[in-house]
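Since the structure comes first, as structure tokens, the remarks are kept for the end.
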Amino acid sequence: MDQSDKDAIYFIGAVVVVCFAVQVVNVLLNGYLLDYGLLPRHLNHAIGLLAYPFIHGSWAHLFSNMVSFSALAYLVSRSGTARLISVFMISWAVSGAGVWLFGRMHYHIGLSGIIYGLWAYLLVYAVLRRSLKSMAIALIVMFFYGPMLTGIIPAHSWISYESHLSGALAGVMAGYVFARRDKAKAIANVEQ
């Protein structure tokens, strides 16, 4: 295992540990931390922009998000830990902004906006980059996570489709930018 793999695992592990720690504290405080979720268009709840991804409504919510996050984050890290952190941060910022601007008026919590960002990034990157590695990863993602597409549809009032949709848009943007950059870099290396 090289240093890049170790760094990616440390980053993924750190996010998982923070989410579990927050869940333990939230359980001990009888759900008090839910009030630190993202509340759209309320400046006095701006802390929610930072806190919402790490707060989960239940152990089942937490576990399902941690499995998806870990798998998708690891696949993104195949392009390097810096790429993983970049896509993570872009997804966090854009999904948070999207929910804050356009979300329904209730607290939005959970890592799913970032998860949708990672998911969409992997798919868009593969379509635009068209490398064997990226296409193989996209096929794996579609096989295991294809049904995530239904998460951007407003089907249930307790699911933040706004977070899913804005996270997916963040992933599309990141996939587009990074695929174009990597393709241009590969062409430049061939021409040298």
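Structure summary
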quantity	calculated
About the Cα centre, charge dipole magnitude for the chain (Lys/Arg +1, Asp/Glu -1 at Cβ), debye	500
Test item: Cα-centred dipole of the stretch 79-181, Lys/Arg +1 and Asp/Glu -1 on Cβ, debye	420
Solvent-accessible heavy-atom area per residue, rounded to whole Å², over the chain at 1.4 Å	52
Hydrodynamic radius of the stretch 1-106 per Kirkwood, over alpha carbon pairs, in Å	14.8
Share of carbon and sulfur in the accessible heavy-atom surface of the chain [1.4 Å probe, %]	72
The stretch 29-140, relative contact order [Cα under 8 Å, separation at least 6], %	34
Highest to lowest packing among 176-182, 144-150, scored as the average C-beta count within 10 Å	176-182, 144-150
Cα gyration tensor category, rounded, prolate or oblate, for the chain with a/c compared to 1.5	prolate
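The values are calculated or read from the model by the stated rules, or taken from the named source; none is laboratory data. From a predicted model like this one, the values you see are computed outputs, not experimental measurements. Virtual Cβ from ideal backbone geometry, glycine too; neighbours counted across all protein chains shown. Remember, those area values only see protein heavy atoms, side chains included, never the ligands or the DNA or RNA. Shrake-Rupley method; radii C 1.70, N 1.55, O 1.52, S 1.80 Å.
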